[in-house]
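This report concerns only the one structure given below.
The values are calculated or read from the model by the stated rules, or taken from the named source; none is laboratory data. Being a predicted model, the structure only gives us computed values, none of them experimental. Cβ sites come from the backbone with ideal geometry, for glycine too, and all protein chains shown count toward neighbours.
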Amino acid sequence: MNNNHFTVAAWLCAFLLFCFSQPAWSSRHYTAKQMDALATRVGQTFWSHPVDGKGPSFATAPAANAKLVRVDTVESFRIEALVGQAAKNPYYKIKRENGQDGYLSPEQFLEAFNLTIVTTDPAAEEKRKNAETAEADKKRVEWIRAQPWSPAVKEAAIKRQPVPGLTNSEIKQVLGAPSRITKVQGPIKVAEEQWLYPDGSLLIFHNGLLSKIERTDNNKK
């Protein structure tokens, strides 16, 4: 009997020592101050940032056994609320870019933070460039429609199809700047320019007017 009492007492001491030696954060017994710190993220927007094709996972409910949904694409989500505070079992309620709700424990958030969850849009630079390209093309089309050209020429220009008879400055508005310009003196002393574009198009100008369009092997140096 004495041995049994000693075994039980030793087990109980070990258990209590384990419980009280664990930090409040890892035991999920949050203090009021920690709860306030967690709540500062409410209202903030973050982005999923997949690493090796794998992004963060969000729970479908604020529970440890809830189904997880992994987000393997770049998308934003907003922290809407910190739920479960009364039970000292907090979860971030988030609103995904597609409108779906999800839940994330503070531990899961910290584990993923600056890895698969980031504070800035990973695709921001690409989106900025795409927006600039779209705006530039809008102005290009507006400029083409304002020219005194026939409908057929305007339609071709909008599709980035060069039309003989246009000037070099007009072609630059339609196609953009070429990757290379070569000036040649023709056999009849006519000023000739050859404009090479990345797609292999070679535009030949005589006295500033487009006279010929050729295709070249764009892999040639």
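The numbered conditions (1) outside any strand (DSSP E or B); (2) surrounded by 13 or more Cβ atoms within 10 Å (Cβ to Cβ) are all true for Trp47 except (1). Given the criteria without any contact (Cβ under 8 Å) to a residue 60 or more places away in the chain, under 21 Å from Ala136 (Cβ atoms) and either part of a loop (DSSP other than H, G, I, E, B) or in contact with a Pro (Cβ under 8 Å, 6 or more places away or on another chain) (or both), does Ile171 qualify? Against the criterion (without any contact (Cβ under 8 Å) to a residue 60 or more places away in the chain, under 21 Å from Ala136 (Cβ atoms) and either part of a loop (DSSP other than H, G, I, E, B) or in contact with a Pro (Cβ under 8 Å, 6 or more places away or on another chain) (or both)), Ile171 qualifies.
For residues that are loosely packed, with under 12 Cβ neighbours inside 10 Å and either within 22 Å of the chain's Cα centre (by Cα) or not hydroxyl-bearing (Ser, Thr, Tyr) (or both), tally how many sit in the stretch 146-163. Show your work before the answer.
So in the stretch 146-163, the residues loosely packed, with under 12 Cβ neighbours inside 10 Å come out as 146, 148, 150-152, 159.
With the extra rule that they be either within 22 Å of the chain's Cα centre (by Cα) or not hydroxyl-bearing (Ser, Thr, Tyr) (or both), the set shrinks to 146, 148, 151-152, 159.
Total meeting the criteria: 5.
Within the stretch 184-221, the set of residues being β-branched (Val, Ile, Thr) and either touching a helix residue (DSSP H, G or I) at 6+ places or on another chain (Cβ under 9 Å) or modelled with pLDDT of 90 or more (or both) comprises Ile204, Ile213. Residues in the stretch 70-84 that are part of a loop (DSSP other than H, G, I, E, B) and either of a type outside the set (Gly, Ala, Ser) or in contact with a Ser or Thr (Cβ under 7 Å, 6 or more places away or on another chain) (or both): Val71, Asp72, Thr73, Val74, Glu75.
Checking Gly102 against (1) surrounded by 13 or more Cβ atoms within 10 Å (Cβ to Cβ); (2) at pLDDT below 95; (3) farther than 16 Å from Ala39 by Cα, only one condition comes out false. Which one? Just one mismatch for Gly102, condition (2).
Leu203 fulfils the conditions (1) assigned to a loop (DSSP other than H, G, I, E, B); (2) in contact with a strand residue (DSSP E or B) (Cβ under 7 Å, 6 or more places away or on another chain); (3) not hydroxyl-bearing (Ser, Thr, Tyr) except for a single criterion, (1).
For the stretch 126-147, how many residues meet the condition of being outside any helix (DSSP H, G or I) and within 17 Å of Leu210 (Cβ to Cβ)? Don't jump to the end; show me each part of the working.
Applying the first criterion (outside any helix (DSSP H, G or I)) to the stretch 126-147 yields 146-147.
Still in the list and also within 17 Å of Leu210 (Cβ to Cβ): 147.
So the count comes out to 1.
Leu110 fulfils the conditions (1) hydrophobic (A, V, I, L, M, F, W, C); (2) at pLDDT below 95; (3) not in a helix (DSSP H, G or I) except for a single criterion, (3).
Here's the yes/no breakdown for (1) surrounded by 12 or more Cβ atoms within 10 Å (Cβ to Cβ); (2) within 36 Å of the chain's Cα centre (by Cα); (3) at pLDDT below 95:
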residue	(1), (2), (3)
Phe15	no, no, yes
Arg28	yes, yes, yes
Ala32	no, no, yes
Gly43	no, yes, no
Ser57	yes, yes, no
Thr60	yes, yes, no
Ala64	no, yes, yes
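Residue pairs whose Cβ atoms lie under 7 Å apart, separated by 6 or more positions or on different chains, with the first residue in the stretch 54-73 and at negative phi and charged (D, E, K, R) and the second part of a loop (DSSP other than H, G, I, E, B) and loosely packed, with under 12 Cβ neighbours inside 10 Å, are Asp72/Gly53.
Scanning the stretch 118-125 finds one or more residues that are at pLDDT below 95, over 20 Å from Val71 (Cα atoms) and assigned to a helix (DSSP H, G or I).
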